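First up is the structure itself, then whatever we jot down about it.
Throughout, read-outs are computed from the coordinates displayed, never taken from laboratory work. What you see is a predicted model; the values in this text were computed from it and never measured. Heads up, the Cβs are rebuilt from the backbone with ideal geometry, glycines too, and the neighbour counts pull from every protein chain shown.
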Amino acid sequence: MSTINDILDRARGRDTSLPYAGAVTPQEAFALLQADHGVKLIDVRTNAERDWVGRVAIPETQHGAVQWSTYPGGVPNPQFVEQLAAAAGKDQVLLFLCRSGVRSRHAAKLATEHGYTQCYDILEGFEGDKDADGHRKTVGGWCKAGLPWTGA
């Protein structure tokens, strides 16, 4: 069984060129959340995605929802940094989650640029990439890994 430090060391070592602390697999993210109640998952998907597609099923105290962009229109959220400040502390371990792992990388980078010291991207996101038929939740991601989530 990996300790919190083992997981974070692996996350930092995956790609030392990242502009944020590191990247974790969905399974590692869940292990971190289970092991330490100071760890916070920041879901950067739109409110519509969370409502229509599903949400991670973790205690409310470990979950923050800060949209990277808004629905409809995909307009960048101009209050992202301010909303993040209301949701999490600058020295807290933050695990950023989006649909497939793209927006979460941008969010982790921006948070790091604003003084957040422990920002980690959750690889593969909530739904993962599309399969050959164009469907998600079958190739990778939080859902495919069998981690707790609630449907829409």
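Things to note:
- Shape call, segment 4-151: gyration tensor on alpha carbons, a/c limit 1.5: rounded
- About the Cα centre, charge dipole magnitude for the chain (Lys/Arg +1, Asp/Glu -1 at Cβ), debye: 160 debye
- Positive-end residue, the chain charge dipole about Cα centroid, Cβ charges, pick of ALA48, ALA108, THR61: ALA48
- Only beta bridges with both residues in the chain are counted; by DSSP, about 25 percent of them are antiparallel.
- Exposure proxy order (Cβ contacts within 10 Å, fewest to most) of LEU123, LEU94: LEU123, LEU94
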